[in-house]
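What follows is a single structure, written as structure tokens, with notes after it.
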Amino acid sequence: MQHDGSLLTADRYDAVLVGAGIMSATLAALLHELDPVLRLLLVERLEAPALESSGAGNNAGTGHAANCELNYTPRQADGTVATAKAVAINAAFERSLEFWGSLSERGQLNAQTFLHQAAHISAVWTEENIAFLRQRFSQLRELPAFAAMRWSEEPAELMEWMPLVMAGRDLKQPVAATRIERGTDVDFGALTRAYLLPLQASGALTVQYGCEVRDLKRLRKSDMTEADWQLILKGPSGRREVRAPFVFLGAGGGALPLLQRSGIPEAADFAGFPVSGLWLVCGDGQLADRQLAKVYGKAAVGAPPMSVPHLDTRWIDGRRSLLFGPFAGFSSKFLKQGSLLDLPGSVRATNLLPMLQVGATNIDLVRYLINQLRQSPEQRHEALQQFMPTARAQDWTLSVAGQRVQIIKRSKQGGRLQLGTEVVASSDGSLAALLGASPGASTAVTIMLEVLERCFPQRLASEHWQQRLQALLPSYGEDPIADPAVLQSMRQRSNSLLDLKA
Ligand SMILES: Cc1cc2nc3c(=O)[nH]c(=O)nc-3n(C[C@H](O)[C@H](O)[C@H](O)COP(=O)(O)OP(=O)(O)OC[C@H]3O[C@@H](n4cnc5c(N)ncnc54)[C@H](O)[C@@H]3O)c2cc1C
């Protein structure tokens, strides 16, 4: 559909974006770069940006590039691992780096405030897991995206790679690891704020904090009005109505209920399954300084893929810390600051059966979540010590992570638990919503390009937008997966603009 920005009034915008997390912020930045005269409204129910999943303390800050996350390369029946998802995630992260590089080059972003290099390591310590990692390594290193991956089983080298993981470990226990030097830690909260501030200063973006979108409906087109969306907002000064020809529901866990309220037929295929999480956090900067890496292990049987245990170096607000987890849990809230009625309130005649089918076919997951909920502080500390044998309980505190709402999708074969993200758009492109979690924030640029492709196809195809997109993302339209030369030139450019070492 064509969003032409005609008929603007004080309460009419070219686009309304719901939720001030990384997704809406990325979309706002992209839309503004493509058409600086667009009038954008961002509505956020909390008092500031990035207080839900995009806040640095609410996620792991891993620049997901599939360097170390073993769940992106599942084992197949023939003993090999599937690599397609890893390659796609790697390319999507390169796209994010390319975008950040361009904004840094123009002086609109300062990468040092949100992006830090930290080696990405996969580490395992049972014979079975070592065999899996070896297989993964042998396949990935043949691919251009992962050619720099290194392997080690040598205790001395492993001690250099990940001293906190190796110190105090029984050397009779075999350990193997792979390492990619060019891994990153990203403060997605700082990035969200960095995207929004200049847009607000330019006057292109109005942000309403403390204001919740309560309802939305599509108005009928008449001689006098466009076929806008009407949104009902509830803020400190009461109820208000705004209109726009395009709406993006970047409301994180709050996107599903709003999608359902929109009444678009596509919404009927979806339900949500919330998973909560806890981290152990160590703020001792000296300890954090000893290991500059993100070390990912192998998930337990039945664990949802996002519950792969990992020990991470973090930079939050410029300070180094360590994070371990996540420990999964269950809460019926869809947002950390949500309501216990979120899950029951999302049940519809169309999604009840798929939800029940997912419950019945994922007994391992249900059992895993119950066990995680029952864990005592001592058991959590034991899990940490498997990763870091010298960890002392008094150095670590428990912290509540963001809430994830996994997608349950109706299909002909029954309800399916889907562990990625999905853009759901109305057939006329006037509304899009982002559902799901992982790999999430790291791939926000690619996800928001999909929103543009599905909702603004004509404008995207115009010479004007194409030129602007090409200037922002020089590799746009080329395929870094099929063409190693494209990948290499993207990496060289990002390394130089963002100060990353190969
Ligand atoms: C434990 C955990 C670990 C993770 N680790 C990583 C990682 O290492 N790397 C990575 O790339 N990704 C990670 N993710 C995923 C990543 O955090 C998310 O994909 C991303 O932050 C989602 O951004 P968002 O903008 O969609 O949602 P959010 O950041 O949750 O923002 C949504 C906003 O919408 C607001 N909102 C909701 N409903 C309404 C309404 N009705 N009206 C107005 N406002 C509303 C909320 O208050 C919130 O501010 C992790 C997530 C979790 C939970």
Provide the per residue accessible area, probe 1.4 Å, for the range 376-428, rounded to a whole number of square angstrom. 52
Size of the chain along its principal axes in angstrom, Cα-based, largest extent first? 79, 48, 45
Reachable aspartates and glutamates, given that their alpha-carbon falls under 16 Å from the alpha-carbon of residue 234 and they are not under 8 places away in the same chain: 11, 44, 47, 212, 215
Can you tell me how the range 382-497 classifies by the Cα gyration tensor, rounded, prolate or oblate, using a/c under 1.5 as the rounded cut? oblate
Quick one: which residues, 5 or more positions from residue 12 or on another chain, have an amide H under 5 Å from its amide H? H modelled 1.01 Å from N in the peptide plane, none for Pro or chain starts. 243
Around residue 418 (Cβ within 13 Å, Cβ-to-Cβ, excluding residue 418; K/R +1, D/E -1) the net charge comes to +3
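Distance cut-off 22 Å, Cα to Cα: go down the list 298/501; 172/298; 333/412; 85/298 and report the pairs above it.
Violating the 22 Å limit, Cα to Cα: 298/501; 333/412.
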Select from the chain the helices, each a whole stretch of DSSP H, whose alpha-carbon atoms run 27 Å or more along the helix axis and whose Kyte-Doolittle mean is at least -0.5; answer none if there are none. 84-105
Using distinct alpha-carbon pairs, which all enter the 1/r mean, Kirkwood radius of the range 97-223 in Å: 19.1
Contact order relative to length for the chain, counting C-alpha pairs under 8 Å separated by 6 or more residues, stands in percent at 22
Out of the trypsin sites (Lys or Arg not before Pro) in the range 242-295, which ones are loop residues according to DSSP with at most 16 other C-beta atoms within 10 Å? 290
Give the accessible area for residue 130 in Å² (nearest 10); use a 1.4 Å probe, count only protein heavy atoms, and leave out ligands, DNA and RNA. 10
Please compute the net charge surrounding residue 317, taking Lys and Arg as +1 and Asp and Glu as -1 over other residues with Cβ under 15 Å from its Cβ. +2
Accessible area, probe 1.4 Å, largest first, for residues 358, 281, 37: 37, 281, 358
Roughly to the nearest percent, how much of the accessible area of the chain is carbon and sulfur, given a 1.4 Å probe? 53
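Where Rh is the Kirkwood radius over the Cα pairs of the range 457-502, the temperature 10 °C and the viscosity 1.306 mPa s, what D in µm²/s does Stokes-Einstein return? Don't skip to the answer; put the middle values down first.
Numbers: Rh = 11.8 Å.
The calculation lands on 135 µm²/s.
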Give the Kirkwood hydrodynamic radius (Å, one decimal) of the range 176-280, defined as one over the mean of 1/r across all pairs of different Cα atoms. 17.5
Given the protein chains as shown and a 1.4 Å probe, how many square angstrom of residue 282 are accessible, to the nearest 10? 0
Along its principal axes, what span do the Cα atoms of the range 309-384 show, with the longest given first and each in whole Å? 48, 28, 17
For the range 39-47, just list the computed ³J(HN,Hα) in residue order, Karplus coefficients 6.51, -1.76 and 1.60, θ = phi - 60°, integers in Hz, with x standing in for Gly and Pro. 9, 10, 10, 10, 10, 10, 6, 8, 8
Alpha-carbon Rg/Rh ratio, for the range 266-347, with Rh computed the Kirkwood way: 1.10
Computed [θ] at 222 nm, helices only, for the chain once each DSSP H run of length n ≥ 4 contributes -39500 (n - 2.57): -10000 deg cm²/dmol
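The values are calculated or read from the model by the stated rules, or taken from the named source; none is laboratory data. If you're wondering where the values come from, they're calculated on a predicted model, not measured in any experiment. We place every Cβ from the backbone using ideal geometry, glycine too, and count neighbours over all the protein chains shown. All accessible areas refer to the heavy atoms of the entire protein, side chains included, with ligands and DNA or RNA removed. Shrake-Rupley method; radii C 1.70, N 1.55, O 1.52, S 1.80 Å.
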